[in-house]
Amino acid sequence: MASGILAAILSLILPGLGQLYGGQGAMKSIIFIIIAVIFYAIGASTGSFLWLLAVIFNIYAAYDAYVNAPD
């Protein structure tokens, strides 16, 4: 049985990890990881505030993992 809180924490560490732990599927996890890497790469390469996209996506991934984790 997956814990929603643990799934959210795992997604804060690496978006997609909480989705994988929660049983949402490997494809969704891979997509979340790719999106996070793209957002962090854009933020790091431009040196601007665009890294904020990655932070917002991390928070969304944690929320998604928490809400969709089985009870």
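The values are calculated or read from the model by the stated rules, or taken from the named source; none is laboratory data. This is a predicted model, so every value here is computed, not measured. Cβ coordinates were reconstructed from backbone atoms using ideal geometry, including for glycine residues, and neighbour counts include every protein chain displayed.
Here are the numbers for the structure shown:
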quantity	calculated
Yes/no for GLN24 being among the polar types (S, T, N, Q), in a loop (DSSP other than H, G, I, E, B) and crowded, with 20+ Cβ neighbours inside 10 Å	yes
Cross-chain or 6+ apart pairs with Cβ under 6 Å, the range 60-71 first and modelled with pLDDT under 90, then surrounded by 13 or more Cβ atoms within 10 Å (Cβ to Cβ)	ALA69/ALA2; ALA69/GLY4; ALA69/ALA7; ALA69/GLY22; PRO70/ALA2
The range 27-53, subset of a type in the set (Ser, Thr, Tyr), assigned to a helix (DSSP H, G or I) and more than 15 Å from ASP64 (Cα to Cα), residue nearest to the chain's Cα centre (by Cα)	TYR40
Members of the range 6-21 that are buried (at least 17 other Cβ atoms within 10 Å of the Cβ) and over 9 Å from the mean Cα position of the chain (by Cα)	ALA7, LEU20, TYR21
Residues of the range 27-46 that turn out to be crowded, with 16+ Cβ neighbours inside 10 Å and of a type in the set (Ser, Thr, Tyr), as a count	2
Residues that are within 15 Å of SER3 (Cβ to Cβ), hydrophobic (A, V, I, L, M, F, W, C) and assigned to a helix (DSSP H, G or I), drawn from the range 54-71	ALA62, ALA65, VAL67
Among (1) in contact (Cβ under 8 Å) with a residue 12 or more places away in the chain; (2) loosely packed, with under 13 Cβ neighbours inside 10 Å; (3) within 13 Å of the chain's Cα centre (by Cα) - the single one ILE56 does not satisfy	(1)
